[in-house]
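Chemist: Provided herewith is a single structure, encoded as structure tokens, for subsequent inquiry.
The values are calculated or read from the model by the stated rules, or taken from the named source; none is laboratory data. Predicted, not measured: the structure shown is a model, and the values here were computed from it. Counting neighbours? That spans all protein chains shown, and the Cβs are built from the backbone with ideal geometry, glycine included. The area values use the complete protein model at the heavy-atom level, side chains included, leaving out ligands, DNA and RNA. Shrake-Rupley method; radii C 1.70, N 1.55, O 1.52, S 1.80 Å.
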Amino acid sequence: MRPLPSRRREHRGISLGLLALRLAAACCLQSQGVSLYIPQSAINATVEEDILLSVEYSCHGIPTIEWKYTSTWGVQRIVEWKPGTQANISQSHKDRVCTFDNGSIQLFSVGVRDSGYYVITVTERLGSSQFGTIVLHVSEILYEDLHFVAVFLAFLAAVAAVLISLMWVCNKCAYKFQRKRRHKLKESTTEEIELQDVEC
């Protein structure tokens, strides 16, 4: 027995309704704004190293990306750009920053003063935004300090060797001087004894 045609149309209507509902839910979930992923939220670096502040974002359309630097000296804007366009890099970071379309930036030749908090803000065209923070700690290279200590110790060893050599030379001179003096004393005492013998 064949099912009635009206039931088949009703079943199709429910399937199409569920499909439309799923698509609408997916669109709503995707249009909720910006999502931002920071794989490494704390970075340790040494002086003169090049650092990648890596992020990934997803949103609808082309967002505006802005990086700021926050430390004990205050807040400073580093760069602002839209992917695919020229970046607006601040004067303080000219020639030290490279931008990437995924929102990441690379800092060249970092110094101890670059330690601090780096805040990224990704703003969608419709106004929703998301921000994230990366902490950067820059320390001085230890082997430079060790190199200085090693050079200083080598200098002290060289000075000590020169002083020891001078002391040895002085000791030899003093010994020769004492030998000559003893020899003169011996000669003078033998002359006195001979004179006394002659007088007697």
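Chemist: For HIS147, HIS60, write out the residues from largest to smallest accessible area, computed with a 1.4 angstrom probe and no ligands counted.
Modeler: HIS147, HIS60
Chemist: Still on this model: Note down the magnitude of the dipole of the stretch 121-181 about its Cα centre, charges +1 on Lys and Arg C-beta and -1 on Asp and Glu C-beta and zero elsewhere, to the nearest 20 debye.
Modeler: Rounded to the nearest 20 debye, it is 1140 debye.
Chemist: Sorting LEU185, LEU126 by accessible area (1.4 Å probe), largest first, what list results?
Modeler: Correct descending sequence by accessible area is LEU126, LEU185.
Chemist: About its Cα centre, what dipole magnitude does the stretch 64-200 give when the only charges are +1 on Lys and Arg Cβ and -1 on Asp and Glu Cβ, stated in debye to the nearest 20?
Modeler: With Lys and Arg at +1 and Asp and Glu at -1, about 140 debye.
Chemist: Would you give the gap between the C-alpha center of the stretch 48-68 and the C-alpha center of the stretch 128-163, rounded to a whole Å?
Modeler: 31
Chemist: Kindly rank 149-158, 114-123 from highest to lowest mean number of other beta carbons found within 10 Å of each residue.
Modeler: 114-123, 149-158
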